2 protein chains.
Amino acid sequence: MSGSVIIAGLGPGAEALVTPDVSAALAQATDVVGYIPYVARVAERPGLTLHASDNRVEIDRSRHALDMASQGKRVVVVSSGDPGVFAMASAVFEAVEAGPSAWRDLDIRVLPGITAMLAAAARVGAPLGHDFCAINLSDNLKPWALIEKRLRLAAEADFAMAFYNPRSRSRPEGFARTLTLLKAVCGDARPVIFARAVSTPEEEIRVVPLPDCEPDMADMRTMVLVGSSATRIIARDGAPIVYTPRSVPMPESA
Amino acid sequence: MSGSVIIAGLGPGAEALVTPDVSAALAQATDVVGYIPYVARVAERPGLTLHASDNRVEIDRSRHALDMASQGKRVVVVSSGDPGVFAMASAVFEAVEAGPSAWRDLDIRVLPGITAMLAAAARVGAPLGHDFCAINLSDNLKPWALIEKRLRLAAEADFAMAFYNPRSRSRPEGFARTLTLLKAVCGDARPVIFARAVSTPEEEIRVVPLPDCEPDMADMRTMVLVGSSATRIIARDGAPIVYTPRSVPMPESA
């Protein structure tokens, strides 16, 4: 029996956002590994072993998956969102590169999923409808100075921005610094979207002008989207629509 | 009967990448509108009217959808990929903002989809596994100078980059300029991924070092991903794996 590792994106939470491709992979798996709350989303069945592990052990988890695949298991590594966006895919490939050369010959595939920024954007309109960037605000694995540099350059480029991991329990001050920097550099009242637990029963969405944003509006389960200077709000009776137009005005006819 | 407009993402091409949410919306629609090749992906059935239109009429198409919804129809506007990423969602909201105020009270929802950059990334590994940006290289709706500014700042920020619409038939020179700029600014041999028609039978993927990239490696159906300075290649017997590690080295212990 030939083993495999499939790194699969479960999307942001709702079952209706899991692709048929991912569902089929789970239906054929012998072993599922992942962070506890993501493994909890996989239904138990005979012939399937669930291996849930804690946060911050991504490399150990990856090695475990690769090792089981070497023994002929059909392993699915589950991520929330998309596995290639601040999730398990890079961790698995780091383990492959550092591991035994035989791991390179394994059948390893990545199945994309609905990443949190796109699920959050869809809930309010189309704030990422023009050029944008995605930044992981956690400084567990990179120096804070690099995050700050990227924030400044992204603001100068007038990208809309999506922030993953805005506020960790262990290092809550990063998001406060981010807001201080953006308020100073952007100097306007562009909309900021705080989208918590998107597509789950606990979903909460707030749209807040940048000058009114406070660090405690985000927690570990919040995705933060910041508009560009062109992002617009359409007021209406219900929740406002937030979107970034496709066009940028052309210079005076040359 | 109360009408609605659902702007739904069909993903990059394969049926197995269409979310159950989108499939359910299509099953309940009375009318589907969209660009010809995307509407062609929707199965005909009694009670469903398909309205296929040509490219570059996004605002007319949006008005048509909103108008039918005002008359009580359940309209689905189909996009490829994710509707919020260089696709139909912003066009519909532009039409809402400029249209009759009654349109603001319509039930309008966006259903996310697998966007091309994430499908392309998944095929080669995890090149977008760290901070990245997404740029539409078409200068139909924005000045070329802005694209160039964003490319320079994105390279300075050391983002991985995803390029949508790299090469249009009418303006092929933009992508040549992009490559010239990146070769000069990046000055290294970071991998570039040309992913054509991802997840369809015509899929073709090439991984090319930046100095060797040529403009004609991309066409209208190609998604281009450019690694950051940290992006790595794992050589193996089959296609190489391309991924960007999660970590950036920390400065010497402070």
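Key figures
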read-out: Residue count, region A:39-50 (criterion: surrounded by fewer than 18 Cβ atoms within 10 Å (Cβ to Cβ) and touching a helix residue (DSSP H, G or I) at 6+ places or on another chain (Cβ under 7 Å)); value: 1
read-out: Single unsatisfied condition, A:MET250 versus (1) more than 14 Å from chain B (Cβ to nearest Cβ); (2) in a loop (DSSP other than H, G, I, E, B); (3) over 23 Å from A:GLY113 (Cα atoms); (4) out of contact with any strand residue (DSSP E or B) (no Cβ under 8 Å at 6 or more places or on another chain); value: (1)
read-out: Failed criterion for A:ARG56 (all others in (1) closer than 30 Å to A:VAL207 by Cα; (2) modelled with pLDDT under 95 hold); value: (1)
read-out: Subset of region A:2-23 [over 19 Å from B:ALA16 (Cβ atoms), crowded, with 16+ Cβ neighbours inside 10 Å and over 19 Å from the mean Cα position of the chain (by Cα)]; value: A:GLY3
read-out: Those residues of region A:142-173 which are surrounded by 20 or more Cβ atoms within 10 Å (Cβ to Cβ), in contact with an Asp or Glu (Cβ under 7 Å, 6 or more places away or on another chain) and of a type outside the set (A, V, I, L, M, F, W, C), in sequence order; value: A:ARG150, A:ARG167
read-out: Output for region A:115-135, where each listed residue is in contact (Cβ under 8 Å) with a residue 24 or more places away in the chain, under 19 Å from A:LEU10 (Cβ atoms) and either basic (Lys, Arg) or touching a helix residue (DSSP H, G or I) at 6+ places or on another chain (Cβ under 8 Å) (or both); value: A:THR115, A:ALA119, A:ARG123, A:ALA134
read-out: Yes/no for B:ALA8 being within 13 Å of another protein chain (Cβ to nearest Cβ), farther than 13 Å from B:LEU106 by Cβ and part of a strand (DSSP E or B); value: yes
read-out: Tally, over region A:187-218, of residues that are more than 18 Å from the chain's Cα centre (by Cα), part of a strand (DSSP E or B) and within 16 Å of A:ALA162 (Cβ to Cβ); value: 4
read-out: In region B:174-218, the residues that are surrounded by 13 or more Cβ atoms within 10 Å (Cβ to Cβ) and at positive phi; value: B:ALA197, B:SER199
read-out: Single residue of A:ARG61, A:ARG41, A:ARG74, A:ARG56 found to be closer than 19 Å to A:ASN140 by Cβ, in contact with a strand residue (DSSP E or B) (Cβ under 8 Å, 6 or more places away or on another chain), of a type outside the set (Asp, Glu) and not assigned by TED's automatic domain parsing to the domain that holds A:ASN140; value: A:ARG61
read-out: Restricting region B:24-38 to residues that are closer than 27 Å to B:GLU204 by Cα and surrounded by fewer than 18 Cβ atoms within 10 Å (Cβ to Cβ), the residue that is nearest to the chain's Cα centre (by Cα); value: B:PRO37
read-out: Test: A:ARG56 is of a type in the set (Lys, Arg), part of a helix (DSSP H, G or I), farther than 14 Å from A:PRO112 by Cβ and more than 11 Å from every other protein chain (Cβ to nearest Cβ); value: no
read-out: Out of A:ASP82, A:ASP31, A:ASP21, sole residue that is of a type in the set (Asp, Glu) and more than 14 Å from chain B (Cβ to nearest Cβ); value: A:ASP31
read-out: A:ALA230 vs. criteria surrounded by 15 or more Cβ atoms within 10 Å (Cβ to Cβ) and either outside the structural domain of A:GLY125 (by TED's automatic domain parsing) or in a loop (DSSP other than H, G, I, E, B) (or both); value: yes
read-out: Failed criterion for B:LEU137 (all others in (1) surrounded by 20 or more Cβ atoms within 10 Å (Cβ to Cβ); (2) over 19 Å from A:MET250 (Cα atoms) hold); value: (2)
read-out: Of all residues making up region A:96-130, the number that are more than 7 Å from chain B (Cβ to nearest Cβ), part of a helix (DSSP H, G or I) and closer than 30 Å to A:SER229 by Cβ; value: 5
read-out: From the options A:SER168, A:SER90, residue that is free of Cβ contacts under 8 Å to residues at least 40 places away in the same chain, polar (S, T, N, Q) and either at the interface with chain B (Cβ under 8 Å from one of its Cβ atoms) or assigned to a loop (DSSP other than H, G, I, E, B) (or both); value: A:SER90
read-out: Among (1) closer than 20 Å to B:THR231 by Cβ; (2) in a helix (DSSP H, G or I), the one test that B:ALA134 misses; value: (2)
read-out: Residue match in region A:212-229 (condition: touching a strand residue (DSSP E or B) at 6+ places or on another chain (Cβ under 6 Å) and over 30 Å from A:ASP139 (Cα atoms)); value: no
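The values are calculated or read from the model by the stated rules, or taken from the named source; none is laboratory data. Predicted model, so just to flag it, every value in this text is computed and none were measured. Note that each Cβ is placed from the backbone with ideal geometry, even for glycine, and that neighbours are counted across all protein chains shown.
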